[in-house]
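Worksheet: one structure, shown below.
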Amino acid sequence: MNRTAAILLCIVFASAPVSGEQATDPPTNDPLLLQRRVATVLRQSTKYYEADDFQAALDRLATLQGASGQDLSVLNLRGAILAKLERYDEAREIFTAILTADPNYSPAVFNLGHVKFVAADYEGARQIFQSIPREDPSNALANFRVLLCLQALGRDAEAGKIADGLSPVGRTPAWYYAQAMIARKAGDEATARKHLGVARSIYQASGCKFFDETIETVKF
């Protein structure tokens, strides 16, 4: 998983549980033991998430009860899983609740924007993605989604300005994907495919995964 994905999920990975393993609550309310249990279940659930076994990932999180189940990282991952299962209303409620508790919890900000984006609420998504600070690791992907929102809203001139402000030399393939989508919106599919091919040759599949998933949801 690349850095953007790590920030969005806000967790660290570890080995998945063996088949049939069931986690048990610690025998005491020791805060350190509870914290370790939350971290363990998050890591295990993420393994299922990355394997596209979203129901198993959700079931793993369900083993956390009480305050542990209300940890913001747990809620954020649960919302991300529900979004993958296309249970968008439930996901939106979770991300909204997280941001009510902590308006600065950036992974939930991006994920709420994502739910609006896939639901074709492009103006709502644009406002959220545009609010993500430049220094946030998810900013490049968020900025690219602002471009797509503007295109979907018919504001092509503004989208073009965003594309012009990107650099072809960077840590993400945002420039190539922006050029591709500008070309695609103009009906030049050959140029769009050329830019996408170059991006994938430079940044490889792992670096392009979230950009590829993004453009799959946009219909011009």
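The values are calculated or read from the model by the stated rules, or taken from the named source; none is laboratory data. Keep in mind it's a predicted model, so treat the numbers as computed, not measured. Cβ: placed from backbone, ideal geometry, glycine included. Neighbour counts: every protein chain shown.
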Query - Out of Phe95, Phe144, sole residue that is surrounded by 14 or more Cβ atoms within 10 Å (Cβ to Cβ) and out of contact with any Gly (no Cβ under 6 Å at 6 or more places or on another chain) - result: Phe144
Report summary line: Filtering segment 154-176 down to residues that are loosely packed, with under 15 Cβ neighbours inside 10 Å and not charged (D, E, K, R) yields Gly154, Ala157, Gly165, Ser167, Pro168, Val169, Gly170
**Report entry** So Ile182, is it closer than 24 Å to Val118 by Cα and of a type in the set (Val, Ile, Thr)
**Finding:** yes
Requested in this report: Run down Leu112, Leu77 and say which single residue is among the aliphatic types (A, V, I, L, M), under 19 Å from Glu216 (Cα atoms) and modelled with pLDDT of 95 or more.
Outcome: Leu112
Requested in this report: Filter segment 125-140 down to the residues that are charged (D, E, K, R) and in contact (Cβ under 8 Å) with a residue 12 or more places away in the chain, then identify the one that is farthest from Ala163 (Cα to Cα).
Outcome: Asp136
Query raised in the report: So, in segment 46-60, of the ones that are within 18 Å of the chain's Cα centre (by Cα) and among the aliphatic types (A, V, I, L, M), which residue ends up nearest to Glu93 (Cα to Cα)?
Result: Leu58
Requested in this report: Kindly establish whether Arg134 is basic (Lys, Arg) and under 15 Å from the mean Cα position of the chain (by Cα).
Outcome: no
Query raised in the report: Mind checking which residues of segment 143-190 are among the aromatic types (Phe, Trp, Tyr) and out of contact with any helix residue (DSSP H, G or I) (no Cβ under 6 Å at 6 or more places or on another chain)?
Result: Trp175
